[in-house]
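Student: Can you keep this structure in mind? I'll have questions shortly.
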Amino acid sequence: MILFITCYFIRGRYRVSVQLRNIPSSTILDIDLSKVKLNLKIESMVYAFLIILSSMELIVNVAGGINMFDTNDVPLFMNVYFPNISNSFLISDHAPMSNLALITLQIENITINLILPITCLYLIVLRRAYLNLPYKKWVIGYLIFIIGRLSLFVLLSLSIPLSYISQMMYFPFEVIDLCVYIPCCKSFYLLLKGRRDEARWHSNITVFYANCLIVKQFFYAQIFTSTCFVLLIIDSLILFYVSPIRIMLYFPSFIYKFSFGLFPTLTFSKQQNDILGNILKNSMSIHTAILIIIEISVSLVYVMVCVGIVLKFVRKQKQYNSVNVATIKPLMERYHATLSTPYRQYQQRPPFIQGFRSDLIY
């Protein structure tokens, strides 16, 4: 489904780019071509951000699928859910295919962690573009932040103990992202409401209802998105306190090596191992339940979006099939009516040609 949605966004951006190339340098109609070009550029930018976000979701799905289909990751699951069952189930003893599963798991986690800051950048840039304000510095600043964040997570993914430390860093980063995301949503929502109220007094009823629909769609979409992000933060909080337990159980000598001998190797009794194992098992059960809720919710939204795209294509096809009846026939009737008008100037372009050219411009 996300592949279908991504292809739809790519098609939309291509169509906008074709319209941008076909804008004439001048026209005889009373149309401000600079505003038409600016609106198309904003629409192209929207499609570009949507393609980036949907491509990241596609990477998450592909990486998660590869990880799920790995049949050699039994030791990993045994370590997660039954950490004290046997010393033979060490994560470092994984087969090559299990190493692939660990790599895809890191790709999935890092990509998910980068979706929220890119979404914040999208809302900031889109709002400033609507207000005709400069946003280049925002883009450069966020790109530096995102690249630095990505580099940090990649470096911490070079070994399994360091990857647990990187999972601990997901929580503070996502809290910061959410604190930026909520004001961005509020500001952009107020902008859309302002455009709706402006259309009520200065535009026709069709534009007003279109803006009302946009405001409603954005409101409900952000409620869903914010809920998913809050669930992800709760999940990151679980990983925040589970990761040290994993390090203590799986790599007791890591702290000794990482601190260059300043801290001793951790040793636990069997009772302590059992307590830590139960905490880990219960926490991972909650972690799995949260991921299931997110997956089901996102899948339902994907279905709704795909159905909406298909219905839009069907509606467009019906319009194309009836274009002669809906568009050409009224124009021809107006043209035939002007032929019998004694005041018509025959050197002037007929009104139906002017109307037809106007439709092509839009």
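Student: FRET efficiency for residue 221 and residue 37, Cβ-Cβ distance as r, R0 = 25 Å, nearest 0.05?
Tutor: Between residue 221 and residue 37 the formula returns 0.35.
Student: Then there is this: Using a 1.4 Å probe, what is the accessible area per residue for the stretch 107-172, in Å²?
Tutor: Computed with neighbouring chains in place, this is 48 Å² per residue.
Student: Any of 136/312; 186/318; 136/318; 37/316; 193/316 with alpha carbons more than 30 Å apart? Name them for me.
Tutor: From the list (136/312; 186/318; 136/318; 37/316; 193/316), the Cα-Cα distance tops 30 Å for 136/312; 186/318; 136/318.
Student: Got a sec? Charge dipole of the stretch 1-52, +1 on Cβ for Lys and Arg, -1 for Asp and Glu; which of 9, 33, 20 is way out at the positive end?
Tutor: 9
Student: What is the percent carbon and sulfur in the accessible area of the stretch 145-286, measuring with a 1.4 Å probe over the protein chains and ignoring ligands?
Tutor: Values: 5890 of 8250 Å².
Its accessible area is 71 percent carbon and sulfur atoms.
Student: OK, next. Just how much of residue 68 is accessible, in Å², when a 1.4 Å probe is used and the result is rounded to the nearest 10?
Tutor: Near enough 150 Å² of accessible area.
Student: Further, regarding this structure: Quick one: 3J(HN,Hα) in Hz for the stretch 213-227, Karplus 6.51/-1.76/1.60 with θ = phi - 60°, rounded, Gly and Pro as x.
Tutor: Along the stretch 213-227, the couplings run 5, 5, 4, 5, 4, 5, 4, 5, 5, 6, 4, 5, 5, 5, 4 Hz.
Student: Shifting gears a bit: Just add up the charged neighbours of residue 134: K/R +1, D/E -1, any other residue whose Cβ is under 13 Å from the Cβ of residue 134.
Tutor: Working: positive: 127, 128, 136, 137; negative: none.
Taking every Cβ under 13 Å from that of residue 134, the sum is +4.
Student: What order, most packed first, do the peptides 102-112, 288-298 have when packing is the mean number of other Cβ atoms within 10 Å of each residue?
Tutor: Packing order, densest peptide first, comes out as 102-112, 288-298.
Student: Residue by residue through the stretch 37-53, which ³J(HN,Hα) values in whole Hz follow from phi under the Karplus form 6.51 cos²θ - 1.76 cosθ + 1.60 (θ = phi - 60°), with glycine and proline marked x?
Tutor: In residue order, the calculated couplings are 5, 5, 5, 5, 5, 5, 5, 5, 5, 4, 4, 4, 5, 5, 5, 4, 5 Hz.
Student: Also, I was wondering about something else. What FRET efficiency comes out for residue 14 versus residue 271 if R0 is 51 angstrom and r is the Cβ-Cβ distance? Round to the nearest 0.05.
Tutor: 0.20
The values are calculated or read from the model by the stated rules, or taken from the named source; none is laboratory data. Only a predicted model underlies this, so the values are computations on that prediction, with no experimental measurement involved. Backbone-built Cβ (ideal geometry, glycine too); neighbour counts: all protein chains shown. Note: areas computed on protein heavy atoms with side chains; ligands, DNA, RNA excluded. Shrake-Rupley method; radii C 1.70, N 1.55, O 1.52, S 1.80 Å.
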